[in-house]
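*Asks:* Please see the structure below; I have some questions.
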Amino acid sequence: MVKTYAEALQFIHGRDRFKKKPTLTRMREFMRLLGDPQAKLEMIHVAGTNGKGSTVAFLRDLFMADGQTVGTFTSPFITRFNERISTNGVPISDSALLATVNQIEPVVAKLDAELGDQGPTEFEIDTALMFCYFAQHPVDLVVVEVGLGGLYDSTNIITPAVSVITTIGLDHMKILGDTIPKIATQKAGIIKENVPVICGRLTPDALAVMDETAQRQETQVTALGRDFTVQNQPESAWGERFAYEFGTTRWQHLQVDLLGQYQIDNAATALTAYLTYHALRQLPVTAATVRQGLQHTSWPGRFERLNEQPLIAIDGAHNEPAMVEMARLLRQHFATNDVYIVLAVLADKQYQQMVQTLLAVPNVHLILTQFQGPGKRQAATPLELEKAVANHDRITVASDWAAGLKLALNTMSAEDLLLLTGSLYFISEVRQYFKGTDV
């Protein structure tokens, strides 16, 4: 029996992250032994390279504005593990997590005895905890974020009401494939028979994979830019404003409090999934509810303001596609400011391209640093990052991010922006420094 919260976390994090051979067979047997708790849940399934977390947050707040109780399953966490399993944005309590760990621990022990070193992985245990918790603490709807890929992700044993695929980009290529179509095939693995699919802004080759998969599954893809559209309506205040059109639905001046064109795309993708769900369940939709849900959405670590004067923000952009969007955001909103970026990146990411993308923004000054990566994953060293662009006059190096923060604050003016980015794990450290355990 697991006796304390600390022991519960040790039980979870002490497991292997991956197995050599991907399979859903072990996860299905795991759930069978637990009584298939996932079968009791109404769910929306969200996959994609970037934008999953924000899309989950928009969905959560749209349904909450309806008066529904919404569970969410997300990864990774920013401050505490409990955030991954939340109800109406409130993380699972320590005592409930401990109780749920003790519910599944005997089943994990049984599978370990039967399968040896092929027992459940850390993320399979995370997923099992979520299914069991929401089965015992009922909610109206659970929005489930895929951990990695889709086809063999442990969440992919569900049949949701609606499936969502946000974006497709080059990330986790050693696991998912080294081309957009290969990665799209993995993400398209969540498409189920007769379950409608909502897609964000995809490249033509990625969308072709979605359409082909959906045709085989006798369902249909609704895609941003083809079946529903957005138009940016620039706003001088913090946030974004946009027009939305989907079929006969047309709304002007929808407002979100998150910055970036990609957040408009995420909001529109979530809104289309929300409308599709309501049509399936024959539920009413009001413009006031939609506006309220979108405008109230916040998501820690997504261009989040930590300080007003000077302006300090963090963002979890952690791969090249995300940095392309970050560069676009900086050009749009901060073209007249100097931007000081403290950058720390995991060594298994495309950090060379990430550095070059940021330096292509002429008013960006990079401070390259490092942090302690999670588990066995290492951060790229400042020198490795610096080698991405040799002898550049807008690059400096700091031994750690605290030194980089101090360097930036001593250099920038009151009108400048300080941004810390490069990894969700990195900004988790930064956020705790500024905010403690407040989430």
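*Asks:* May I ask you to say which residue of Thr69, Thr49, Thr79 is at pLDDT 95 or above and not charged (D, E, K, R)?
*Replies:* Values: Thr49 fails: at pLDDT 95 or above; Thr79 fails: at pLDDT 95 or above.
Within the list Thr69, Thr49, Thr79, the selection yields Thr69.
*Asks:* Return yes or no: is Arg331 over 29 Å from Glu83 (Cα atoms), in contact (Cβ under 8 Å) with a residue 12 or more places away in the chain and either open to solvent by 20 Å² or more (accessible area, probe 1.4 Å) or not hydrophobic (A, V, I, L, M, F, W, C) (or both)? Can you show your working first?
*Replies:* Values: over 29 Å from Glu83 (Cα atoms): yes; in contact (Cβ under 8 Å) with a residue 12 or more places away in the chain: yes; either open to solvent by 20 Å² or more (accessible area, probe 1.4 Å) or not hydrophobic (A, V, I, L, M, F, W, C) (or both): yes.
Taking the combined requirement at face value, the residue satisfies it.
*Asks:* Pairs only if they're at least six apart or on different chains, beta carbon under 6 angstrom, first in the range 123-145 and open to solvent by 10 Å² or more (accessible area, probe 1.4 Å), second at pLDDT below 95 and among the hydrophobic types (A, V, I, L, M, F, W, C); list them, first residue then second.
*Replies:* Hits for this filter: zero, empty list.
*Asks:* Pairs please, first residue from the range 73-95 and acidic (Asp, Glu), second anywhere and open to solvent by 40 Å² or more (accessible area, probe 1.4 Å), Cβ atoms under 7 Å, 6+ apart in sequence or on different chains.
*Replies:* Listed by first residue and then by second, the contacts come to Glu83/Phe77; Glu83/Pro91; Glu83/Val439; Asp94/Tyr5.
*Asks:* Answer yes or no as to whether Leu224 is in contact with a Cys (Cβ under 7 Å, 6 or more places away or on another chain) and buried (at least 20 other Cβ atoms within 10 Å of the Cβ).
*Replies:* The answer is yes for Leu224.
*Asks:* Looking only at the range 5-21, decide whether some residue is over 30 Å from Glu240 (Cβ atoms), of a type in the set (Val, Ile, Thr) and either out of contact with any strand residue (DSSP E or B) (no Cβ under 7 Å at 6 or more places or on another chain) or surrounded by 15 or more Cβ atoms within 10 Å (Cβ to Cβ) (or both).
*Replies:* yes
*Asks:* So which residues in the range 276-291 are farther than 17 Å from Asp140 by Cβ and either open to solvent by less than 20 Å² (accessible area, probe 1.4 Å) or touching a residue at least 24 places away in the same chain (Cβ under 8 Å) (or both)?
*Replies:* Ala287, Val290, Arg291
*Asks:* If you check Thr336 against the conditions, is it among the β-branched types (Val, Ile, Thr) and open to solvent by 10 Å² or more (accessible area, probe 1.4 Å)? Before you say what the answer is, go through the steps one by one.
*Replies:* Details: among the β-branched types (Val, Ile, Thr): yes; open to solvent by 10 Å² or more (accessible area, probe 1.4 Å): yes.
For Thr336, the condition - among the β-branched types (Val, Ile, Thr) and open to solvent by 10 Å² or more (accessible area, probe 1.4 Å) - is met.
*Asks:* Go over the candidates Thr269, Thr276 one by one and state the one that is touching a helix residue (DSSP H, G or I) at 6+ places or on another chain (Cβ under 7 Å) and closer than 23 Å to Leu224 by Cα.
*Replies:* Thr269
*Asks:* Still on this structure, I have one more. Is it true that some residue in the range 13-21 is farther than 25 Å from Arg291 by Cβ and in a helix (DSSP H, G or I)? If you could, list the steps in order and put the result at the bottom.
*Replies:* Of the range 13-21, the ones farther than 25 Å from Arg291 by Cβ are 13-21.
Then keep just the ones that are in a helix (DSSP H, G or I); that gives 13.
Yes - at least one qualifying residue is present in the range 13-21.
*Asks:* Hey, could you check the range 422-439 for residues that are buried (at least 20 other Cβ atoms within 10 Å of the Cβ) and of a type outside the set (A, V, I, L, M) and say which is farthest from Leu346 (Cα to Cα)?
*Replies:* So the residue we want is Arg431.
*Asks:* Looking only at residues that are modelled with pLDDT under 75 and charged (D, E, K, R) in the range 385-421, which one is most open to solvent (accessible area, probe 1.4 Å)?
*Replies:* Here the answer is Lys387.
*Asks:* Next question. For the range 43-64, what are the residues that are assigned to a helix (DSSP H, G or I) and either within 19 Å of Gly189 (Cβ to Cβ) or of a type outside the set (A, V, I, L, M) (or both)?
*Replies:* Scanning the range 43-64 gives Lys52, Gly53, Ser54, Thr55, Val56, Phe58, Arg60, Asp61, Phe63.
*Asks:* Let me ask another. Out of the residues in the range 86-122 that are small (Gly, Ala, Ser) and closer than 19 Å to Glu29 by Cβ, which is most open to solvent (accessible area, probe 1.4 Å)? Lay out the reasoning, then the answer.
*Replies:* In the first step, residues of the range 86-122 are kept if they are small (Gly, Ala, Ser); the result is 86, 89, 93, 95-96, 99, 109, 113, 116, 119.
Then keep just the ones that are closer than 19 Å to Glu29 by Cβ; that gives 109, 113, 116, 119.
Working: Ala109: 48, Ala113: 87, Gly116: 43, Gly119: 1 Å².
Result: Ala113.
*Asks:* Let me ask something additional. Of the residues Gly71, Gly67, which single one is in contact with a strand residue (DSSP E or B) (Cβ under 6 Å, 6 or more places away or on another chain) and either on the phi < 0 side of the Ramachandran plot or outside any strand (DSSP E or B) (or both)?
*Replies:* Only one candidate qualifies: Gly71.
*Asks:* Moving on to the next point. How many residues does the range 44-73 contain that are closer than 15 Å to Gly149 by Cα and open to solvent by less than 10 Å² (accessible area, probe 1.4 Å)?
*Replies:* Number satisfying all stated conditions: 5.
*Asks:* If you go through the range 173-190, how many residues are assigned to a helix (DSSP H, G or I) and open to solvent by 30 Å² or more (accessible area, probe 1.4 Å)? Break it down into steps so the answer makes sense when it comes.
*Replies:* To start, the set of residues in the range 173-190 that are assigned to a helix (DSSP H, G or I) comprises 173-176, 180-190.
Filter again for open to solvent by 30 Å² or more (accessible area, probe 1.4 Å), leaving 173-175, 180-182, 185-186.
Selection size over the range 173-190: 8.
*Asks:* Within the range 348-370, which residues are assigned to a loop (DSSP other than H, G, I, E, B) and at pLDDT 85 or above?
*Replies:* If the condition is that a residue be assigned to a loop (DSSP other than H, G, I, E, B) and at pLDDT 85 or above, then Ala360, Val361, Pro362, Asn363, Thr369, Gln370 are the ones that fit.
*Asks:* Of these, Leu170, Leu98, Leu129, which one is more than 25 Å from Gly293 (Cα to Cα) and not in a helix (DSSP H, G or I)?
*Replies:* Leu170
*Asks:* Residue by residue through the range 317-342, note down the ones that are farther than 14 Å from Leu259 by Cβ and either part of a helix (DSSP H, G or I) or aliphatic (A, V, I, L, M) (or both).
*Replies:* Within the range 317-342, Glu320, Pro321, Met323, Val324, Ile341, Val342 meet the criteria.
*Asks:* Given the conditions (1) modelled with pLDDT of 95 or more; (2) in contact with a Gly (Cβ under 8 Å, 6 or more places away or on another chain); (3) closer than 23 Å to Asn156 by Cβ, and given that Glu124 satisfies all but one, which numbered condition is not satisfied?
*Replies:* Here Glu124 meets the rest and fails (2).
*Asks:* Regarding the range 311-323, can at least one residue be identified that is among the charged types (D, E, K, R) and open to solvent by less than 70 Å² (accessible area, probe 1.4 Å)?
*Replies:* Yes, there is a match, as at least one residue in the range 311-323 is among the charged types (D, E, K, R) and open to solvent by less than 70 Å² (accessible area, probe 1.4 Å).
The values are calculated or read from the model by the stated rules, or taken from the named source; none is laboratory data. Just so it is clear, the model here is predicted, and its values are computed rather than measured. Neighbour counts are summed over all protein chains in view; Cβ atoms, including those assigned to glycine, are modelled from backbone coordinates with ideal geometry. Calculation scope for accessible area: heavy atoms of the full protein, side chains included, ligands and nucleic acids excluded. Shrake-Rupley method; radii C 1.70, N 1.55, O 1.52, S 1.80 Å.
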